[in-house]
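Let me begin by presenting the structure, written as structure tokens, before commenting on it.
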Amino acid sequence: MIQEADVLLKVEQLTKYFPVKGGIFGKKTLQQVKAVDGISFEIKRGETFGIVGESGCGKSTAGRAIMRLLEPTSGDVHFEGVNLSKLDKNEMRKMRKDIQIVFQDPFASLNPRMRVYDIIEEPLINFEMGDKKERKVRVHEVAEQVGLTIAQLSRLPHEFSGGQRQRIGIARALVTKPKLIIADEPVSALDVSIQSQVLNLMRDLQKEFGLTYIFISHDLSVVKHFCDRIGVMYLGKMVEITNKHDLYDDPLHPYAKSLLSALPTSHPLQVKERIILEGDVPSPSNPPSGCTFHPRCFACMDVCKTVAPTLQEVKSNHFVSCHLFEEEGVKSG
């Protein structure tokens, strides 16, 4: 476990359900889409925590629910000891100065009618940080930090490449001097060569300013390169959390094993067994009973079909939600 004094963010049983309406007037709730279904984890200061999983597993929704861009259905999020879930809208708005987000699409997230200078300055105005002269100094400072020139600040977003637009998004997130940045697929829309430039920039900024990142991605190679600890999500639940070395060298959950088996080998003569999952991802509006992964699991047992496993520490700082490992643990103990 992480020492309490080192914890920057603590998420406890966070859920986000979206109601599916129907009926004559469309007001009756027919069912709930369980996008995020009771996830818990901690992040220490200065680290990069990755969240990975297939498309639709709820990782982006989790990031937005943490900073209440989407209101959570239930659960608690503690940031520096403050329970964000208990704050009113005005109090939460002030907290967002310390919690910023970088969105996936570097074009759609920028106002096409605003100059780059105004885009970066806008958070300073919203949070009433400094006068006009002080804001100008800060905008120029952060632009230089992300590799933009002063001359480029007068341009519009469409005049930039995808990598440059993502630098603008990072500058906008960085301008308020936040402590936590949630990066939601920040390089997935970029070419591979540009991805490395943006990732190196984010790492340099982290070292310089002591930033903490939540890095959301489906690209396991990028996550391995960039993150310190990783949480694997499946159908709204966290199924495995550990440091990157333990996850990539010795994954315990069958879902994590299948994901990592798809990674290409580092040597052309190296042979790796590929684990192919059967069936499709179930609907989050009607998840399977028991362990939600059991219909696709190659190690499914009878208990998996009826009893939902809990996330528990099975090795030092290695958390897994799997009955298979519980059974093995009982036998070995």
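Out of all the residues in region 294-328, which are in a loop (DSSP other than H, G, I, E, B), crowded, with 19+ Cβ neighbours inside 10 Å and either of a type in the set (Ser, Thr, Tyr) or without any contact (Cβ under 8 Å) to a residue 40 or more places away in the chain (or both)?
Scanning region 294-328 gives 309, 321.
Counting only residues that are in contact with a Phe, Trp or Tyr (Cβ under 8 Å, 6 or more places away or on another chain) and charged (D, E, K, R), how many does region 228-256 have?
So the answer is 3.
Filter region 141-158 down to residues that are surrounded by 14 or more Cβ atoms within 10 Å (Cβ to Cβ), more than 28 Å from the chain's Cα centre (by Cα) and not in a helix (DSSP H, G or I), then give me how many there are. Please lay out each step first, then the result.
So the first thing to find is which residues in region 141-158 are surrounded by 14 or more Cβ atoms within 10 Å (Cβ to Cβ), and the list is 142-143, 145-148, 152-153, 155-157.
Okay, now just the ones that are also more than 28 Å from the chain's Cα centre (by Cα), so 152-153, 155-156.
Now narrow it down to the ones that are not in a helix (DSSP H, G or I): 155-156.
Of the residues in that region, 2 qualify.
Inspect all residues belonging to region 172-189 and state whether any of them is surrounded by fewer than 17 Cβ atoms within 10 Å (Cβ to Cβ), within 20 Å of residue 219 (Cα to Cα) and either touching a helix residue (DSSP H, G or I) at 6+ places or on another chain (Cβ under 9 Å) or among the small types (Gly, Ala, Ser) (or both).
Restricting attention to region 172-189, the residues satisfying the condition of being surrounded by fewer than 17 Cβ atoms within 10 Å (Cβ to Cβ) are 177, 188.
From what's left, within 20 Å of residue 219 (Cα to Cα): 188.
Filter once more, so that each one left must be either touching a helix residue (DSSP H, G or I) at 6+ places or on another chain (Cβ under 9 Å) or among the small types (Gly, Ala, Ser) (or both): 188.
Yes, that holds for at least one residue.
I'd like to know if region 121-140 contains one or more residues that are part of a helix (DSSP H, G or I), in contact (Cβ under 8 Å) with a residue 12 or more places away in the chain and among the acidic types (Asp, Glu).
yes
Taking strands (runs of 3 or more DSSP E) that fall entirely within region 1-84, which contain at least 1 residues that are in contact with a Lys or Arg (Cβ under 8 Å, 6 or more places away or on another chain), at positive phi and not basic (Lys, Arg)? Break it down stepwise before answering.
Working: elements: 7-22, 28-44, 48-52, 74-79.
Once the strands (runs of 3 or more DSSP E) in region 1-84 are filtered for at least 1 residues that are in contact with a Lys or Arg (Cβ under 8 Å, 6 or more places away or on another chain), at positive phi and not basic (Lys, Arg), what remains is 28-44.
Would you be able to tell me the number of residues in region 35-78 that are among the small types (Gly, Ala, Ser) and either touching a Pro at 6+ places or on another chain (Cβ under 6 Å) or crowded, with 24+ Cβ neighbours inside 10 Å (or both)? Even if it seems obvious, please write down each step before you answer.
Here is the first cut: in region 35-78, the residues among the small types (Gly, Ala, Ser) are 35, 38, 40, 46, 50, 53, 55-56, 58, 60, 62-63, 65, 74-75.
Subsequent filtering for residues that are either touching a Pro at 6+ places or on another chain (Cβ under 6 Å) or crowded, with 24+ Cβ neighbours inside 10 Å (or both) retains 35, 50, 53, 58, 62, 65.
Of the residues in that region, 6 qualify.
Considering every residue within region 93-101, establish whether at least one is touching an Asp or Glu at 6+ places or on another chain (Cβ under 7 Å) and crowded, with 21+ Cβ neighbours inside 10 Å. Don't jump to the end; show me each part of the working.
In the first step, residues of region 93-101 are kept if they are touching an Asp or Glu at 6+ places or on another chain (Cβ under 7 Å); the result is 101.
Next, from what is left, pick out any that are crowded, with 21+ Cβ neighbours inside 10 Å: 101.
The answer is yes; a qualifying residue exists.
Which of the residues spanning region 96-120 are within 27 Å of residue 84 (Cβ to Cβ) and in a helix (DSSP H, G or I)?
Within region 96-120, 119, 120 meet the criteria.
I'm told residue 23 meets every condition in (1) of a type in the set (Gly, Ala, Ser); (2) in contact (Cβ under 8 Å) with a residue 12 or more places away in the chain; (3) over 26 Å from residue 220 (Cβ atoms) except one. Can you identify the failing condition by its number?
Every listed condition holds for residue 23 apart from (2).
Can residue 213 be described as within 22 Å of the chain's Cα centre (by Cα), of a type in the set (Phe, Trp, Tyr) and more than 30 Å from residue 179 (Cβ to Cβ)? Explain how you work it out, then say what you get.
Values: within 22 Å of the chain's Cα centre (by Cα): yes; of a type in the set (Phe, Trp, Tyr): yes; more than 30 Å from residue 179 (Cβ to Cβ): no.
No, not satisfied.
Looking only at region 244-253, decide whether some residue is under 26 Å from residue 65 (Cα atoms), more than 14 Å from the chain's Cα centre (by Cα) and without any contact (Cβ under 8 Å) to a residue 24 or more places away in the chain. It would help to see each step written out before you state the result.
Of region 244-253, the ones under 26 Å from residue 65 (Cα atoms) are 244, 247, 253.
Filter once more, so that each one left must be more than 14 Å from the chain's Cα centre (by Cα): 244, 247, 253.
If we keep only those that are without any contact (Cβ under 8 Å) to a residue 24 or more places away in the chain as well, we get 247.
Yes - at least one qualifying residue is present in region 244-253.
Of everything in region 162-199, what is among the hydrophobic types (A, V, I, L, M, F, W, C), in contact (Cβ under 8 Å) with a residue 40 or more places away in the chain and not in a helix (DSSP H, G or I)? Give them in sequence order.
Quick first cut of region 162-199, residues among the hydrophobic types (A, V, I, L, M, F, W, C) only: 168, 170-171, 173-175, 180-183, 187, 189-190, 192, 194, 198-199.
From the residues that got through so far, the ones that are in contact (Cβ under 8 Å) with a residue 40 or more places away in the chain too are 168, 170-171, 173-175, 180-183, 189-190.
Passing the criteria: 175, 180, 181, 182, 183, 189, 190.
Read-outs throughout are calculated quantities, based only on the coordinates presented, and are distinct from any laboratory measurement. Note that this is a predicted model, so its numbers are computed, not measured. Neighbour counts are summed over all protein chains in view; Cβ atoms, including those assigned to glycine, are modelled from backbone coordinates with ideal geometry.
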